[in-house]
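Okay, structure first, notes after.
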Amino acid sequence: MKISIGCDHGGISLKAEIVPLLQELGHVVDDKGCFATESVDYPDFAKVVCAQVQKGECERGILICGTGVGMSMVANRFEGIRAALCNELFTARMSREHNDANVLCMGARVVGPGLALEIARAWVSTDFAGGRHQRRIDMF
Ligand code: RB5
């Protein structure tokens, strides 16, 4: 699938590890930056990635900042975006199975790269379970 990815300066090193993993898994990655370590503002990147998901240009989005908190706050203000802040594996799987999350947020200062790669791998490969979970999603 096509995945839009964005980060701020706090997430740039983790983004550099996640992009090749996604490509190895067969996904097309649209990297919306940032591309340097100078301080930037995470809402700028969250907006670009979420707009791509909203428009259907990308099926999913991944946003990385220092904690993942700022990115998830911005992303969830967008209609149709269901962003999940996942800094461990169980939540990553459940955010797909139960919440049909279409944006994954992670904190590069919270998780190490080994765990973050496993979170990303699980999140992109877990299907939504539908059924009662769809009914609940339809309620918001
Ligand atoms: C940047 O220093 C930091 O505030 C940002 O990456 C993120 O953690 C915000 O939620």
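Just a few scattered comments:
- Set side by side, the residues PHE90, PHE35 differ, and just one is farther than 16 Å from ILE119 by Cα and of a type in the set (Phe, Trp, Tyr), which is PHE35.
- Taking the listed residues VAL29, VAL74, VAL49, VAL53, the one that is at pLDDT 95 or above, buried (at least 16 other Cβ atoms within 10 Å of the Cβ), more than 15 Å from the ligand (Cβ to nearest atom) and assigned to a helix (DSSP H, G or I) is VAL53, with no other qualifying.
- Pairs, first under 11 Å from ALA120 (Cβ atoms) and of a type in the set (Val, Ile, Thr) in the range 11-28, second assigned to a helix (DSSP H, G or I) and within 16 Å of the ligand (Cβ to nearest atom), C-beta under 8 Å, six or more apart: ILE18/ALA116
- The range 60-71 - residue that is within 9 Å of the ligand (Cβ to nearest atom) and either crowded, with 24+ Cβ neighbours inside 10 Å or within 15 Å of ALA120 (Cα to Cα) (or both) and, of those, nearest to the chain's Cα centre (by Cα): ILE64
- Of all the numbered requirements in (1) in contact (Cβ under 8 Å) with a residue 24 or more places away in the chain; (2) touching a Lys or Arg at 6+ places or on another chain (Cβ under 9 Å), ASN76 misses one, and that requirement is (1).
- The combined condition, being more than 13 Å from the ligand (Cβ to nearest atom) and part of a loop (DSSP other than H, G, I, E, B), is fulfilled by ALA36.
- Close pairs from the range 95-109: first within 19 Å of CYS65 (Cα to Cα) and away from the ligand (no atom under 16 Å from the Cβ), partner assigned to a loop (DSSP other than H, G, I, E, B) and of a type in the set (Asp, Glu), Cβ under 9 Å, at least 6 apart: ASN102/GLU59
The values are calculated or read from the model by the stated rules, or taken from the named source; none is laboratory data. Nothing here was measured: the structure is a model prediction, and the numbers come from that model. Cβ atoms come from the backbone with ideal geometry, glycine included; neighbour counts cover every protein chain shown.
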